Every structure is written in C-alpha cells, then in structure tokens.
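The values are calculated or read from the model by the stated rules, or taken from the named source; none is laboratory data. Quick caveat: nothing in here was measured; it's all calculated off a predicted structure. FYI the Cβ positions are ideal-geometry reconstructions off the backbone, even for glycines, and counts take in every protein chain you see.
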Amino acid sequence: MGLKIGGQVEKIDGRRLSYNQFCERFLQKNEPVVLTGLMDDWRACRDWVNHNAQPNLHFFATHFGNSTVQVAECSKKEFTDQARVEMSVSEFIGNWGKISSTEGNSNYSGSAENSQSLLYLKDWHFVKEYPDYVAYSTPLFFRDDWLNLYLDIYHMHRDPDTTYREKNEVNCSDYRFVYMGAKGTWTPFHADVFRSYSWSANVCGKKKWHFLSPSQCRLAFDRNVKNCVYDIFADVSEKQFPGFRKAVWLECTQEEKEIIFVPSGWYHQVHNEADTISINHNWFNAYNLPLVWKLLVKDYYEAKEYIEDIKDICDDFEGLCQRNLAANTGMNFSDFFIFITRFSFANLIILHNNLKDYPGPLFGSCFHIRNLILNLTSIKRVALKMQSMNDWRENSRISLDFEEIAKEPEFAQLCFALHRTYEIPNESCKQFFKVNNPGRAYLSPLNIVEATCPNISVPEDLVRVIDCALEKLSVVTNMGDLGYSSALDVLETLTIS
Ligand SMILES: O=C(O)CCC(=O)C(=O)O
C-alpha cells in the first residue's frame, strides 16, 4: 500500500521574500518551503555542471580528486543508517562512471534491491577543505547560523580520549556539506542531528522528499518509541510499526537550482531521481534552540537508562552519563552550557558596541538589535529549563569568568562573526530609542556581569545576567521582548521523537 500524501511543500521565489517574512512564515512556524531564484550566481552551478545539466565529474576528479570522503553504500543497512566506506573522490567518480544512469535505478518502491552497488558521497566538509574555492554564498535566510559560526572557532566537545578525538575533529568540524550521487541513491528516514534546521540546494539533478511533521512522526515509530522505520518504501511491518499506515505525508520534488528548507524535528526520506549534486547545511539559532535542548534532555535520559544497572557500583555515574551523551549526540550539558554562555557574552558585547556610537552614523541597525534581543530571550528560556537538571548542576565544575573569556582571541572572533551575521547596511533605528543617549557605561557587559554575577557556573547565574541586560535595554528602547516569547512558545510545543 502506498503512502497517504496530504500535500506538497510550497515553492516560493526567494527574491520576493523578505527576511522577516521568512522568519514569520517558516522559522517561527517550523514549516518547510522550497525557495527558487537564489543560486544563479553560484560558482558551483557553473563549475560543477556540464552543458547538458549533468554533474561535471571530470571537474571533480581533476580539482578535488585527492580528497578523502565518506561514501554510503545505499543497499547496505548498518544499525540505523547505511553502511559507510572511505575512499578518494577520484575512486568515487570512477565508480560513478561505471554506473549507467539509464539502468532504471529510480524506481524506489523497495529501494534496497534496486539500489545495489549504488554509492552515495555524503557529508563532505567541502568548505572546510577548500576555503579559498568559494563555491556558493549562504542565502540571507540561512545566515543566522550559531552552529557553524561557533564551530569555526571553538570545539563543541573535547574528548580526553585521543583516538575518539581525532575522528571527532573531522566529523564535527562543521555542518556544511556536499552530497553527490547517481540516480537511485537515497537517504533513509531520519530527523537531523541536534534537531537542527537544514537547507539543501540542488546544484544539479532532482530530489524527491517525503516528510512527516513532528506531530505525525510518532506514527513511524515502534510501540516503545525507540526505533523508527528505516525505509518508508520497504514492506513496513504493521506489527512492529502499528501507526505507520495512518501517517499523512508531505511530498516535494526539488528541481535543479531549488533550495529546500527542512524545519526542526521533521522526519524525512530523500531519493535522487537524477544524477544529483547538492549543498546541505545544518544549523540552529534562537528559534530552534529550545528544541536542541529538548533533544539533549531526551538523549540524556536514554543514556542514563542504558547504564542504570551499574549506578550503584559507579563512582561518578553522572560523569559517565554525560560522557556517553557526548559520544552519542556530539555534546553534553556542560558543552551546551558553555556554548550558550559564550554566545550570551558575545551578544552583550555587540549590543554594547551598537549603542556606544548612538546617535552617530555608525549606529547599528534595528535588525541587529532585534536579533540580539531575540537571542538573549531564547537563551534565557533554555537556561531556565537547565536549572532543573540537578544531578548535572551538582556535579559540573564549570566556572566562566567574563573578563577571562573576553581576553581570549577566539572570543573576539566570535563577536566579529556574530556582528557580521546581522549586518544590514543603511538601516537606522533611532525611533526605537526612548532616550537620546543610552550611554556606553549603562549597558556595559562588564557592569552587567559584575553587578549580577562575575563568575558563571550554573544556569541561574546566566539567567540573572540576561535578565539584567534585558531590563536595562527596555529602559532605553521601545523594543521590550518584541513578542518573541510567544513566537518561541509555538516551537516549544513540538514533540521530539
Ligand atoms: O539529500 C539527501 O540525500 C539527504 C539530505 C538530508 O537529509 C538533509 O539535508 O537533511
């Protein structure tokens, strides 16, 4: 029996959509969309594609042939994903050349059998490996990306085990990828890492997407909500997945030069219906930060349950849970807390710098300030939730001193990158200020931190610092929290499977 299709993903000309409209309609509502018209000037669309709209494999072999990449064997399942092998780009291209794309690999009812020997290059950290070859520029809609911005400067997690660390260095260096696969290659049903958003741009080719919204995705899980379906086109066992046949799917055919936005926590399966090259990023920001935290909590309880029987004989049970959480998910509670604290400090610094020149011409834009307030509001919400994680709070030995952090060269880079993210030239927002000169000292991060908490070690400290900053801001601006609380409420109601 086929899938019940409830609708198609909307397609919009991205040149006619403002950033605010994108935030209101898609980021806040957590809905998918396909954007057109945003890739015309990409170098990738020239260099990587032949005149007949096919992938220019020769270009890859001659320019990037020596790179080592991860390749999925589409017909081989390994745990919950496809088996992976490592090879050079040249070897991968050689293998691709042997497959005739006219062999009828596209019929994916029962993908595994039809995709025998098909190899799919995935998760290639292309930007990290070739920073000087500027293949594309991230469209404005996806630039507020805390994940890649942070990972360009810091590690999310540093493991004491060096073998694990080396592997991790590459795999977690960033979340900007190139995917390449012949017609018939596919990606099994899943939701994205950290419950991040993703965007995926077809440089050439065609992808078919099938989505389940967060409210529907339980239907693709077994009774214990532990395992989800692997291939939605295979013969899914009704006994194991009793809800599956009731699921209502959203479908999308993504053509060349179209970019799809995948919202947080939407499960999806993807099939290449033609030889395809795509660029994919995962990212999160103020809108979906609460969902990232929610997933971390869920993964933490799973990690804890898994080793519950050794609790009584374990000296540092909480430490072990946190180590396992980092190994499974890519970060633990302390990593996440350090990340949001550094990020809050950077937001405070930029707010301060924006205000210092007021009302001069260098004054930061309204867009800038709105985003910084949204960021702090969202981080505060998450920090409030972190307060209830007692076992972690009592065991963590975090001590983050603002003055020390402010001296780190990496922190200056973080501030600079965050500032650049919200830079929109020629936009003024004087009308938002109640007083003529808010004054540099008034919102000085150092003053705020010293008056509230010079050393951050638990989430309560961070909440006090942010509260103080938002209160001071509300004295000098008309912005308040700009209704962000209700926007963030919508996302928090989403279930996480
Ligand atoms: O293109 C694919 O094969 C998978 C991409 C994907 O799942 C994603 O970008 O979230």
Taking into account only those residues within the stretch 30-52 that are touching a Pro at 6+ places or on another chain (Cβ under 8 Å) and of a type outside the set (A, V, I, L, M), which is farthest from Gln216 (Cα to Cα)? Trp48
Of the conditions (1) at pLDDT below 90; (2) crowded, with 19+ Cβ neighbours inside 10 Å, Gly360 satisfies every one except a single condition; which number is it? (2)
Suppose the filter is in the same structural domain as Leu372 (by TED's automatic domain parsing) and surrounded by fewer than 24 Cβ atoms within 10 Å (Cβ to Cβ); does Lys294 pass it? yes
Can you confirm whether Ser111 is among the hydroxyl-bearing types (Ser, Thr, Tyr), at pLDDT below 95 and surrounded by 18 or more Cβ atoms within 10 Å (Cβ to Cβ)? yes
Can you go through Ala286, Ala274 and tell me which one is surrounded by 14 or more Cβ atoms within 10 Å (Cβ to Cβ) and within 30 Å of Phe60 (Cα to Cα)? Ala274
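Residue-by-condition table, conditions (1) within 11 Å of the ligand (Cβ to nearest atom); (2) touching a Pro at 6+ places or on another chain (Cβ under 7 Å); (3) acidic (Asp, Glu); (4) modelled with pLDDT under 95:
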position: Tyr164; (1), (2), (3), (4): no, no, no, yes
position: Arg176; (1), (2), (3), (4): no, no, no, no
position: Thr187; (1), (2), (3), (4): yes, no, no, no
position: Ser196; (1), (2), (3), (4): yes, no, no, no
position: Phe211; (1), (2), (3), (4): yes, yes, no, no
position: Ser215; (1), (2), (3), (4): no, no, no, yes
Please state which of the following conditions Thr253 fails to meet, knowing it meets all the rest: (1) among the polar types (S, T, N, Q); (2) over 22 Å from the mean Cα position of the chain (by Cα); (3) modelled with pLDDT under 95; (4) more than 23 Å from Ala469 (Cα to Cα). (3)
I'm checking my understanding of the structure. Among residues of the stretch 122-140 that are of a type in the set (A, V, I, L, M, F, W, C) and at pLDDT 95 or above, which one is farthest from the ligand (Cβ to nearest atom)? Val134
Of Lys239, Lys311, the only residue that is more than 16 Å from the ligand (Cβ to nearest atom) and modelled with pLDDT under 95 is Lys311
Can you pull out the residues in the stretch 206-224 that are surrounded by fewer than 17 Cβ atoms within 10 Å (Cβ to Cβ) and in a loop (DSSP other than H, G, I, E, B)? Ser215, Asp222, Arg223, Asn224
What residue, of Ile310, Ile279, is of a type in the set (A, V, I, L, M) and closer than 30 Å to Met39 by Cβ? Ile279
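Results for (1) loosely packed, with under 12 Cβ neighbours inside 10 Å; (2) of a type in the set (A, V, I, L, M, F, W, C); (3) in a strand (DSSP E or B), shown as yes or no for each residue.
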position	(1), (2), (3)
Asp41	yes, no, no
Ala44	no, yes, no
Asn52	yes, no, no
Ala61	no, yes, no
Asn66	yes, no, no
Gln70	no, no, yes
Glu73	no, no, yes
Lys77	no, no, yes
Considering the stretch 3-39 alone, what residues qualify as being without any contact (Cβ under 8 Å) to a residue 24 or more places away in the chain and assigned to a loop (DSSP other than H, G, I, E, B)? Ser18
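A quick yes/no check of all residues on (1) out of contact with any strand residue (DSSP E or B) (no Cβ under 9 Å at 6 or more places or on another chain); (2) modelled with pLDDT of 60 or more; (3) part of a helix (DSSP H, G or I); (4) of a type in the set (Gly, Ala, Ser):
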site	(1), (2), (3), (4)
Asn437	yes, no, no, no
Ala441	yes, no, no, yes
Leu462	no, yes, yes, no
Val465	no, yes, yes, no
Glu471	yes, yes, yes, no
Asp481	yes, no, no, no
